[in-house]
Amino acid sequence: MQKRFVKNILIFLFLVSSLVGIQGCVIVKPKGETKEEMQIQYIPSPQIEMSEEPIRSEKGDMIIFTPKNWFFVNLGENTPNDVIAIAVNQDYTLSLVLSSFPTNDMLDEIYNQQHLIGLANATFEKRQRKASGSLIQIGKFSTFKAGNLEFVVYKFRNRTQPVPSINAVFKSSIGQIYEINLIPMNIIGLAIPTESEMNSIFFSVLSTIRY
């Protein structure tokens, strides 16, 4: 039974990886205005218990902690090049995907003009193209801070997804761009966490990030 659950997770995450992956894909400079939330909000301390072992980026410029008792999934050769880690909760109702992608001239131009808001808009537009326009952005891009660290957060869902995924974009001191995405799943028929519960988990994770 456990093996079947894990197999289902692998299949699901492989399918949603097209909504996560950036590396190797062309990002076209987004047109028009971004839906920016001007108010800067501050991230509180973790509201849930977190693991004691951090995930460290290969370049050593970022660490992040996952919620306690979440486990990591290895897609093997099916793992997109840009994905650093995939963690899943014990109920198989949420997955947390951490990915990164290097900057290029186009992203540098976007960042210089619009900062993290521009990068977040570019990642969403890229997802939208890969999803053939089927994604719906929920609300606006919002800027959050934890100390001197800054993140741009936005939510999106497809037309059949009852609870939106939550995504954050940030850029390390050496110029590496990172994304973290919390995705609701329905694999074994258990109730998906509410949007409020997902917010608590997501911002608890964000509050542990150091870069």
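The values are calculated or read from the model by the stated rules, or taken from the named source; none is laboratory data. Bear in mind the structure is a predicted one, so any value in this text is a computation, not a measurement. Virtual Cβ from ideal backbone geometry, glycine too; neighbours counted across all protein chains shown.
Observations, loosely collected:
- The set of residues in the range 189-200 being in a loop (DSSP other than H, G, I, E, B), out of contact with any Asp or Glu (no Cβ under 6 Å at 6 or more places or on another chain) and more than 25 Å from residue 128 (Cα to Cα) consists of 189, 191.
- Matching residues in the range 127-151 - criterion: being polar (S, T, N, Q), without any contact (Cβ under 8 Å) to a residue 40 or more places away in the chain and assigned to a strand (DSSP E or B): none
- Flag for residue 199 being surrounded by fewer than 21 Cβ atoms within 10 Å (Cβ to Cβ) and either modelled with pLDDT under 90 or basic (Lys, Arg) (or both): no
- Selection within the range 81-108 - within 11 Å of residue 176 (Cβ to Cβ), surrounded by fewer than 20 Cβ atoms within 10 Å (Cβ to Cβ) and hydrophobic (A, V, I, L, M, F, W, C): 84
- When the residues of the range 142-187 are filtered to those that are of a type in the set (Phe, Trp, Tyr) and over 15 Å from residue 43 (Cα atoms), the one that is nearest to the chain's Cα centre (by Cα) is 178.
- Test: residue in the range 124-139 that is under 15 Å from the mean Cα position of the chain (by Cα), modelled with pLDDT of 90 or more and either within 17 Å of residue 96 (Cβ to Cβ) or of a type in the set (Gly, Ala, Ser) (or both): no
- Complete set of residues in the range 152-188 that are farther than 18 Å from residue 102 by Cβ, assigned to a loop (DSSP other than H, G, I, E, B) and not charged (D, E, K, R): 158, 160, 161, 162, 163, 164, 185, 186, 187, 188
- Members of the range 142-184 that are aliphatic (A, V, I, L, M) and closer than 19 Å to residue 198 by Cβ: 146, 152, 153, 163, 166, 168, 169, 180, 182, 183
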